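Asks: Got a structure for you, questions after.
The values are calculated or read from the model by the stated rules, or taken from the named source; none is laboratory data. Every value quoted in this text rests on a predicted model; they were computed, and no experiment measured them. Every residue, glycine as well, gets a Cβ built from its backbone with ideal geometry; the counts of neighbours run over all protein chains shown. Quick note on the areas: whole protein, heavy atoms, side chains included, nothing else; ligands and nucleic acids left out. Shrake-Rupley method; radii C 1.70, N 1.55, O 1.52, S 1.80 Å.
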Amino acid sequence: IASIDAEGEYFLDVGGAPSNEPLDLDDVATRVAAIIQLEPDRPVVVKGDRAIPYEKVIQLMVTLQKAGVPSVGLMTDSPDEEKK
């Protein structure tokens with residue numbers, strides 16, 4: 001999971017080990033490219049805070065595709081979760 005928080009900072013969660021360290025887009029691309037090289041079929045999804053501009057989500061998706069991810073999915077909250 002590649003995520004963007006409300007402040008626009010990027011993070012990676014690889015196999016249930018979320019990183020608390022913000023990354024820049026170059027670091028995201030480098031780390032994801034290394035993972036995809038070892039596991040080309042590994043699913044990659046983007047999770048973005050609703051407060052960030054959609055442009056930041058698109059920018060992350062494009063970065064992931066340039067890093068070699070064949071298909072990038074989007075994580076969404078269900079309407080019930082949004083009300084919490």
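Asks: Report the residue count in the range 1-58 for those that are at positive phi and in contact with a helix residue (DSSP H, G or I) (Cβ under 8 Å, 6 or more places away or on another chain).
Replies: Residues meeting the conditions: 1.
Asks: Ok, one more. Are there any pairs with C-beta distances below 6 angstrom linking a residue in the range 2-20 that is farther than 18 Å from Ile35 by Cβ and outside any strand (DSSP E or B) to a residue that is open to solvent by less than 40 Å² (accessible area, probe 1.4 Å) and at pLDDT below 95, with the two at least 6 apart or on different chains, and if so which?
Replies: Pairs that qualify, where the first residue is farther than 18 Å from Ile35 by Cβ and outside any strand (DSSP E or B) and the partner is open to solvent by less than 40 Å² (accessible area, probe 1.4 Å) and at pLDDT below 95, are Gly8/Ile52.
Asks: Inside the range 1-29, can you point out the residues that are of a type in the set (A, V, I, L, M, F, W, C) and either open to solvent by less than 60 Å² (accessible area, probe 1.4 Å) or out of contact with any Asp or Glu (no Cβ under 9 Å at 6 or more places or on another chain) (or both)?
Replies: Ala2, Ile4, Ala6, Phe11, Leu12, Val14, Ala17, Leu23, Leu25, Val28, Ala29, listed by residue number.
Asks: Just one of the numbered conditions (1) at pLDDT below 90; (2) on the phi > 0 side of the Ramachandran plot is not true of Thr76; which one?
Replies: (2) is the only condition that Thr76 fails.
Asks: If you check Glu81, Glu55, Glu39, which single one turns out to be modelled with pLDDT under 90 and either of a type outside the set (S, T, N, Q) or surrounded by 14 or more Cβ atoms within 10 Å (Cβ to Cβ) (or both)?
Replies: Glu81
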